[in-house]
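What follows is a single structure, written as structure tokens, with notes after it.
The values are calculated or read from the model by the stated rules, or taken from the named source; none is laboratory data. Everything numeric here is computed off the predicted structure, so don't read it as measured data. Positions of Cβ are generated from backbone atoms using ideal geometry, with glycine treated the same way; all protein chains shown enter the neighbour counts.
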Amino acid sequence: MKPVAAFAVGLWTGALVMAGVGVVYWRILDRAPAAGTSESVEQLSQRIQLLQHQQAKTAAEAARLRQTVAELRTGRPPEGNSAPGVAGWILEAVLNPDEQAVAQLEEAAETDLNALDALALLAEYDNAEALTRVWHSNNLTGSGKVRAATLLAATVEVNPRGADWLVGVASDPVLVEAALAGLMTPVFASRLVRGTGIMPPPHFKPNYPLRLRLVEQLRQAVPDETLAPVFDQARQQLAQPVPSAETQ
């Protein structure tokens, strides 16, 4: 067992010992004479209440330590834990993907941004086909469209038709900026990876020359000159990618 895990187990054991001591004190008090002055009875009652409080606190601490040990042993949170605001089935679909899970995510992604993120985290599983279909859906909300543009660009290496859809955003400045953000950040942030055991993106090796070419291709298709500074920023960042952007 790793040192951290051993330490956690030790704490857990200590908590259980404390609980046992509490039981011993309880039995001692239980055997105390029932008769006595009113003052001694009151003191006894207070001690009993204090021990009850300590036992409840110890039980809660033991439960927390059991959870810590479970996380250390498995590398994942115990069943029932999830990222705040994310449905458990979405996390499970990313951790254990199959065709049915991807189909469920695709259906939910039209209205649920977490499901949309999940499809991006699984982009290499199906060459981003489900994510692309959601992008073309007429039911996708405005915020969903923007997020999908970012995610499709962020996962462009695994999408054989990445260049095709990218040119289609040229007439919308908001979608252009979203796509450029995705091209610049293959390490896109998602609440799905915080404390869930899901490996952060990218799940593939980013191809920065490809991304630079797509930036230039998109620039030629965009008539809005006010976006020129954003394109300059994208070129600069992709020409000198930071080490953290390298694939894991």
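Tabulated data
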{"quantity": "Condition broken by Val69, with the remaining ones in (1) modelled with pLDDT of 55 or more; (2) crowded, with 16+ Cβ neighbours inside 10 Å satisfied", "calculated": "(1)"}
{"quantity": "Region 138-176, residues that are surrounded by fewer than 19 Cβ atoms within 10 Å (Cβ to Cβ), assigned to a loop (DSSP other than H, G, I, E, B) and under 25 Å from the mean Cα position of the chain (by Cα)", "calculated": "Leu140, Thr141"}
{"quantity": "Qualifying positions in region 173-194 - of a type in the set (D, E, K, R) and either at pLDDT 95 or above or not assigned by TED's automatic domain parsing to the domain that holds Thr226 (or both)", "calculated": "Glu177"}
{"quantity": "Verdict on Phe204 being assigned to a helix (DSSP H, G or I) and of a type outside the set (Lys, Arg)", "calculated": "no"}
{"quantity": "Failed item in (1) free of Cβ contacts under 8 Å to residues at least 40 places away in the same chain; (2) closer than 29 Å to Ala108 by Cβ; (3) surrounded by fewer than 19 Cβ atoms within 10 Å (Cβ to Cβ), with Gln236 passing the rest", "calculated": "(2)"}
{"quantity": "Residue list for region 213-226, restricted to those being surrounded by 17 or more Cβ atoms within 10 Å (Cβ to Cβ) and either at pLDDT 95 or above or outside any loop (DSSP other than H, G, I, E, B) (or both)", "calculated": "Leu214, Val215, Leu218, Arg219"}
